[in-house]
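Asks: Let me begin by handing over the structure; questions about it come next.
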Amino acid sequence: HKDDEDVIRTYEYMQECIGKALEAARGSNEEVNVLVMSDHGFEGVRRRYFHVNQWLEDEGYLVTQQDLQTSALKYLPLDAGMNIASKLGVLELFKRHFVSHEIKEAVSNPLHAVQWDETEAFFIWEQQTGQIYINVKRRFPNGTVSEERRPHLAGEIYERIQEVTTPDGTQVVEQAWLGNDIYSGTHCEIGPDIVF
């Protein structure tokens, strides 16, 4: 809501920060360019979600622990529940009294249940962007994929993810790239293997 006090205070604070940056730039003896940009965009919640790690697990690329609690946590709409509790103003109460340590861990780290020594590829949930990493030996602590196999596996996942459709036949992934095709430079090896 445009009249939400917290939002207004946030914008006022950001305006103050930008003002300080502009002041510092004006006070400099050199010509300084000040750029202000968003780190990402926003849009409304969609009716469907693509749970990438679940897809990777279904396809055999990712393995999770198979105990009952972990299995249940994988399917709980935890982010939606937390959002509702937040909107109702009871998030802290909800987290303090009704959420177990395991659920808190699952919310803060959805990859907590991954069996890394059996996993070939994974999606980092926090990034919420289409980036899949191959679990390469020496790149990750419990890597399972050899450097020689990495391009083949990346290519295979790249092809298969573009074939994913919704129940009504709509293609889920509009566009995909192999990391090697879009990244260059001295640090491209630490980037994702598939971007979509």
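Asks: In whole percent, how big is the carbon plus sulfur part of the accessible area of the range 114-158, probe 1.4 Å, protein atoms only? Walk me through the numbers before you get to the answer.
Replies: Values: 1170 of 2380 Å².
Exposed carbon and sulfur together represent 49 percent of the surface.
Asks: Then there is this: Might you tell me the accessible area per residue for the range 134-196, computed with a 1.4 Å probe and given in Å²? Spell out each step's value before the answer.
Replies: Numbers: 4050 Å² over 63 residues.
Here the residues of the range 134-196 average 64 Å² of exposed surface.
Asks: Ignoring ligands and nucleic acids, what accessible area does Val195 show with a 1.4 Å probe (Å², nearest 10)?
Replies: 20
The values are calculated or read from the model by the stated rules, or taken from the named source; none is laboratory data. Just so you know, these numbers come straight off a predicted model, no measurement behind them. Only protein heavy atoms, including side chains, enter the accessible area calculation; ligands, DNA and RNA are left aside. Shrake-Rupley method; radii C 1.70, N 1.55, O 1.52, S 1.80 Å.
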